[in-house]
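A.B. asks: Here it is: the structure, laid out below.
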Amino acid sequence: MESALSASAPPAREPRPIRLAGLPLALMGGGLVGACVWAGYAAGGGPGGALVGLPVSPLLAPLVAIAISGLAGFLAIGLCWHRARRMSGAALSAEELLEEIAHAGAEFVWEADAAGRLTVLSDGFERSVDMPPETALGRTWIEILGHGLADPAQRTIAMAVAGRRSFRDVEASLVPSDGQGRALRLIGQPKFVDGGTFAGFRGVAVDISDIVKARERLGFVDRHDELTGLLNRVGCMRLLAARLRRGRRRDEQPVLLVIDIDRFRDVNEAFGAAAGDNVIRQVAERIRVCARESDTVGRIGGGEFFLLRPHALPFDPVLDLTRRLERSLAEPFSVPEESLRISCHIGLYEIAADDRDPEICLRRAQVAISRGRRDGRSTHLFMDGMDLEARTMRRLEEDLREAIDENRLALAYQPQLALRSGRFVGAEALLRWHHHDHGFISPTRFIPVAERTGLVVPLSRWVLRQACVDSRRLGDLRVSVNLSPIDLASPDFVAAVQETLAQTGTDPGRLELEITEGVLIEDTEATVDVLMQLKRLGLRIALDDFGTGYAGLGYLQMFPFDKLKIDQSIIRRSGRSRHAGAIVRSVVALAHELGLEACAEGVESREQLELLRDEGCDLVQGFYAGQPMPANQMRGVVDRQTALLASDDA
Ligand code: C2E
Ligand code: MG
Ligand code: MG
């Protein structure tokens, strides 16, 4: 690296480089192929910055720009990563490579096992993260960094672990005990040994605090959001910090609201970035209209907005505000040629007199959102103790892991009734977990935890195997199994399904896989490919919870579905609406138009069932037709029905 630099040293009259940074360009599995080196020059000089070795990561661009502006001081450390490639005849061992990277400017290096749990941490870890390595080893980045990782960053890591893919540009913000906010960038690559066996991950962490500060200082990130003209995250945090510094008068009750558009990323991917931008502008405008003049509104992330109300006593007007926000955001949005509906969650945090840290206030409003999501409430107020949530999640994960190992999970089967024949034709497998201390825990609570930790992959495999085994006891019933998006991203999913079918001797035509709309929008091409492979094995695919997301007609046509499951919220709404028939009729017609079977979920009454029958719905599932029950009980129900129908025929 030294020689590379001297080869491009600036002419004598140019300012001297004041700081150098460089990194080797490495191919995974070994061999260095070059180096990326850059330098900044002292203030007062002309353009500065020597760059040797390519390619230059886009993350370096602003740094080079800083150098060109002639600013003195430390500039940057970044990493140019070559695409993961397995190489034979590696020039360097894994350890040597890590050494190289460590010396080239990374804060610390790390390795993790196949589940993303850390196995190796180099020296700089404790200093950077303010945590002893012993505490961190055996845990995942998501567990260690928690709220320091924004939701998209957590998702990037979870998807990378499930898909054995590299990840980069994952930024984490840390508030160590010295109170000095710090930012880290995590970069990880899958690790392959013995000619291609996947063995986990390895990567580096780069301290980008200076970059973040420099970006702010030099206006790389303005305080305003370009798209909406509102304050951006930096602007919001500054304003909040200033507000906290000023202290609180006795008669004031400042309240912070975070408004999070549900699954905004899906909107972007389903309708395109331009439509997504359009929606964001409209959301911003609606929030602005709902806010008072003394409120501050900002946009702190993709679909996440900030509203600070400085005086909120008595508390009722805030609830009035959240109601107005919800109502306003529930109105349809116009994107070219379509009318789109979104939903949102709102988190509230009442700022206390001794609050000093704006990030903590923001995080508390976000924690309230998570709690609201979990409890099925669109608005939630942060309350003391919710910080414990993260710890509770961790315990939940440990207990779930143990429950899987000790085979303490069970499946319940809920029958699906064919309306034309009046026969049970299928059953959905639903996971049941009886926790030794807490009793029944709903899958809506533990599946998201399992998704975040990657535990969902072994969990789904267990469900699949058990459902195949049970299917032998369920007569002719077709068995449906729920999948998570993470399952479809896992590279050996199709092979695992194939193996399970073979080992349990299950007829693939008896098995149906249920996926939700979120999956469709994740990575369309790859998802279609996986679903086609499953179809070729002879399995059926059902789209679950239709009507809760954004799957437009175009999406439905692209995917090889056999069945559309109409979400229970539609069935519930249909009972209250004067247009009950019309709503159900149009969804059923849509399914039939696409050649799909229509199945209504959450049918709880005779009236609902009759309405669905009148509108031509094929199947119903719900408490009215049958509660979820153990496989052997399900078998009894089917046998009794068969006997009843046989006696009717006679
Ligand atoms: P889902 O796939 O839409 O399953 C239907 C849910 O509705 C089940 O809740 C079921 O018990 C409930 N339900 C059935 N009939 C009625 C009714 O008439 N009224 C009402 N109010 N509810 C009814 P459950 O078992 O709590 O499961 C919730 C969700 O958890 C499932 O929604 C599914 O998304 C997920 N889940 C369950 N088991 C698994 C699994 O093995 N793997 C994965 N990935 N997800 C699962
Ligand atoms: Mg389902
Ligand atoms: Mg469903």
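The values are calculated or read from the model by the stated rules, or taken from the named source; none is laboratory data. Quantities reported herein were computed from a predicted structural model and do not represent experimental measurements. No Cβ is skipped: glycine too gets one built from the backbone with ideal geometry, and neighbour counts run over all protein chains shown. The protein model used for the area step is the full one, side chains on, heavy atoms only, and it has no ligands, DNA or RNA in it. Shrake-Rupley method; radii C 1.70, N 1.55, O 1.52, S 1.80 Å.
A.B. asks: Taking the stretch 314-356 as the search range and keeping residues that are modelled with pLDDT of 85 or more and of a type in the set (S, T, N, Q), which one is farthest from D295 (Cα to Cα)?
C.D. replies: Of everything passing the filter in the stretch 314-356, S343 is farthest from D295 (Cα to Cα).
A.B. asks: In addition: Considering only the stretch 148-180, how many residues are under 21 Å from P358 (Cα atoms), open to solvent by 70 Å² or more (accessible area, probe 1.4 Å) and in a helix (DSSP H, G or I)?
C.D. replies: 2
A.B. asks: Evaluate the following for S586: is it surrounded by fewer than 15 Cβ atoms within 10 Å (Cβ to Cβ) and within 15 Å of ligand 2 (Cβ to nearest atom)?
C.D. replies: no
A.B. asks: Scanning the stretch 465-517 for residues that are in contact (Cβ under 8 Å) with a residue 40 or more places away in the chain and small (G, A, S), which turns out nearest to ligand 2 (Cβ to nearest atom)?
C.D. replies: Of everything passing the filter in the stretch 465-517, S480 is nearest to ligand 2 (Cβ to nearest atom).
A.B. asks: Let me ask another. Could you say whether any residue in the stretch 444-465 is outside any helix (DSSP H, G or I) and among the polar types (S, T, N, Q)?
C.D. replies: Scanning the stretch 444-465 turns up no residue that is outside any helix (DSSP H, G or I) and among the polar types (S, T, N, Q).
A.B. asks: Could you please find all residues in the stretch 493-527 being at pLDDT below 90, open to solvent by 40 Å² or more (accessible area, probe 1.4 Å) and more than 13 Å from ligand 1 (Cβ to nearest atom)?
C.D. replies: Within the stretch 493-527, D523, E525, A526 meet the criteria.
A.B. asks: Next question, about the same structure. Looking at the structure I just gave you, is Q627 outside any strand (DSSP E or B), open to solvent by 70 Å² or more (accessible area, probe 1.4 Å) and not hydrophobic (A, V, I, L, M, F, W, C)?
C.D. replies: So Q627 passes the test.
A.B. asks: Out of (1) open to solvent by 10 Å² or more (accessible area, probe 1.4 Å); (2) under 27 Å from R155 (Cβ atoms); (3) touching a Pro at 6+ places or on another chain (Cβ under 8 Å), the odd one out for F424 is which?
C.D. replies: So F424 meets the others, but not (2).
A.B. asks: Mind listing whichever residues of the stretch 441-492 are within 16 Å of ligand 3 (Cβ to nearest atom) and of a type in the set (V, I, T)?
C.D. replies: T444, I447, V463, V479, V481
A.B. asks: Now, a different point. Run down G276, G302, G272, G298 and say which single residue is at positive phi and either in the same structural domain as S328 (by TED's automatic domain parsing) or open to solvent by less than 20 Å² (accessible area, probe 1.4 Å) (or both).
C.D. replies: The conditions single out G272.
A.B. asks: Go through (1) buried (at least 21 other Cβ atoms within 10 Å of the Cβ); (2) part of a loop (DSSP other than H, G, I, E, B); (3) small (G, A, S) one by one and return the number of the condition G138 breaks.
C.D. replies: The failed condition is (1).
A.B. asks: Output the residue which, of all residues in the stretch 533-571 that are at pLDDT 95 or above and assigned to a helix (DSSP H, G or I), is most open to solvent (accessible area, probe 1.4 Å).
C.D. replies: R536
A.B. asks: Right, another one. What residue, of L145, L92, is modelled with pLDDT under 90, part of a loop (DSSP other than H, G, I, E, B) and buried (at least 16 other Cβ atoms within 10 Å of the Cβ)?
C.D. replies: Answer to the selection: L92.
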